[in-house]
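All remarks here apply to the structure that follows.
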Amino acid sequence: MDAFYASAEQASKPSLRGKAVVVGGLGPRGVVATASYEARRFGVHSAMPTAQARRLAPNAAYLVPRFGFYRDISERVMGLLRELSPLVEPLSLDEAFVDLEAGGVASDEVSARAVGERLRADIRAVTGLTGSVGIAASKMLAKIASEEAKPDGLVLIHAGTERALLAPMAVRVLPGVGPATGDHLRRAGITTVGELAEAGEDELVRMLGKSHGAGLYAMALARDDRPVVAERETKSVSVEDTYDVDIHDRTRVRLEVQRLAARCVGRLRASGHSGRTVVLKVRRYDFSTLTRSETLRGPTDDPSVVQEAAARLLESVDTTGGVRLLGVGVSGLADYTQEDLFAQAAGARAAAEAAERTGRADAAARAESADEGQARGAGPDGSLIHEAGEKGEQGPGGPAGAPAGEGVRAERGSGEPPVAPVERRWPAGHDVRHAVYGPGWVQGSGVGRVTVRFETPQSAPGRVRTFAVDDRDLELSEPVALVLEQVPPAVAPEPEPGAGPGEGQQPEAERGQGRGAEPEAERGPGAESGPGAESGPGAGSSVADSSASAASPGGG
């Protein structure tokens, strides 16, 4: 897929089509996930700090990622790939390898090209987005071909031309050559793949080690025998959060670790695994990163066991200077859980103590959060993009299952005072629906107001309206599909000879309001185009770029 996240945002928001869009974290420590091709002309690229991107492209639209939306599109594309072959190896939401030979595609280049062109057409028809296809005899070459095909193209590398094609390319195009290896090779006078091949295997092994050096030499000669693997074995499960403001309070750090451990176990159970090793990751104020691990007596998916292990690991870490990132992971995965009666008994004994500690920690954490303005999750500034959009976790408005911005209230008759509702959060770019104006998306929010542009993928650029953040007619909603499902038209009865428009034949004026014309009542007043439809500065988004590659070991 081409500039996947940004392209998906442009497709769903007519007012952003043809404009610079940046998707990523919008807070002071936010990072660009992907930039549209229009934004790339200003020098914006993925993994760049958002603050730097704003300096390069101040008028771009900056949006918080909608991972659930991107995942739905990805599943549709992966479904198309699996129709081509049983061997599909996803690399990310927007990129995958396909073994065409395993799918019965003829090994000649004409057949391979026809399959690639049909795939591009199917992707556009199903998702409304463009994808680039690279076809070659190996995974490495197919990946390079797909990059050369961007945007919205197809490149087939002909047999026998591989080395000539690779020779002038920079060494960074090869898998396994990152910034560090690239700098090492550059200092040795090696900047192209051709120079890498000329250096010889012995020299590369001396410079980079046996495994890395020999592997790069083989790739420089266009040799890559890695198979397409349909399923990758999950080796670990982890979650982490980066904080806008460093956490100094030890109690707050403990509470965050407990929350992360609970989320990690939720993911562990969802994957059908248990794990034996608990890992804690702490990045301190000075960017130094510490990792601690503890191996249990057997695999577990018990939240209390993982939380207790993470708490023990935290005791050995000095956090007095402040913490900017915390993470909890579980490795050593297994498909079963070994019952540990001693651990269960210990967990039961600790439950009461933990409840009391958590109550005190929650109170302290709320106090510190109010003092420091600490934000978790995808807040109004969208600073945190980790785990965004995951089902069953805390969403933009509060705990899972609670409406955005609604505080969790005590049940009637519980005797406890209700919790005051917090100000609702409206992440830039996320979908909303108004009771009067219909579907739209958040263009920005702040100072008690939220600005919404009312438009859908099938409408013209929409009007902008501003509401109070607590407007009861406005709520977060599910995204509108990029491509509407095609419903077969009903078969109308044959009109009798001489019948007029009112006798079995639909009048022309009524036919014009059938499928394809959006009813005014559904569009709402805000769906009209006009002077207010232009996208203003700061309403943008950034996205990560990717493509679909086809590796056909037996053919072109």
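The values are calculated or read from the model by the stated rules, or taken from the named source; none is laboratory data. Quick caveat, the model's predicted, so the values are computed rather than measured. Here Cβ is always computed from backbone atoms with ideal geometry, including for glycine, and neighbour counts include all displayed protein chains.
So here's what we get for this one:
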{"item": "In the stretch 141-155, residue surrounded by the fewest Cβ atoms within 10 Å (Cβ to Cβ) [restricted to those that are free of Cβ contacts under 8 Å to residues at least 40 places away in the same chain and either touching a Cys at 6+ places or on another chain (Cβ under 6 Å) or more than 30 Å from THR456 (Cβ to Cβ) (or both)]", "result": "GLU148"}
{"item": "ARG284 vs. criteria surrounded by 16 or more Cβ atoms within 10 Å (Cβ to Cβ) and charged (D, E, K, R)", "result": "yes"}
{"item": "Leading residue by the ranking (modelled with the lowest pLDDT) among those in the stretch 180-239 that are out of contact with any Lys or Arg (no Cβ under 8 Å at 6 or more places or on another chain) and among the β-branched types (Val, Ile, Thr)", "result": "THR234"}
{"item": "Residue within the stretch 242-258 that is touching a residue at least 12 places away in the same chain (Cβ under 8 Å), part of a strand (DSSP E or B) and among the polar types (S, T, N, Q) present", "result": "yes"}
{"item": "Residue match in the stretch 123-140 (condition: in a loop (DSSP other than H, G, I, E, B), in contact (Cβ under 8 Å) with a residue 12 or more places away in the chain and at positive phi)", "result": "yes"}
{"item": "Top-ranked residue of the stretch 446-466 - restricted to ones that are surrounded by 18 or more Cβ atoms within 10 Å (Cβ to Cβ) and farther than 21 Å from GLN10 by Cβ, ranked as farthest from the chain's Cα centre (by Cα)", "result": "ARG465"}
{"item": "Inter-residue pairs, beta-carbon under 7 Å, first at negative phi and in the stretch 42-71, second of a type in the set (Asp, Glu), 6+ apart", "result": "SER46/ASP545; LEU63/GLU9"}
{"item": "Helices (runs of 4 or more DSSP H) (entirely within the stretch 168-210) containing at least 3 residues that are of a type in the set (A, V, I, L, M, F, W, C)", "result": "193-199, 201-208"}
{"item": "Test: residue in the stretch 167-176 that is more than 32 Å from the chain's Cα centre (by Cα), surrounded by fewer than 15 Cβ atoms within 10 Å (Cβ to Cβ) and more than 30 Å from ARG118 (Cβ to Cβ)", "result": "yes"}
{"item": "Search result, residues across the stretch 86-129 that are of a type in the set (Gly, Ala, Ser) and farther than 19 Å from SER74 by Cα", "result": "ALA102, GLY103, GLY104, ALA106, SER107, SER111, ALA112, ALA114"}
{"item": "Any hit, the stretch 222-241, residues being among the acidic types (Asp, Glu), closer than 30 Å to ASP286 by Cα and surrounded by fewer than 17 Cβ atoms within 10 Å (Cβ to Cβ)", "result": "no"}
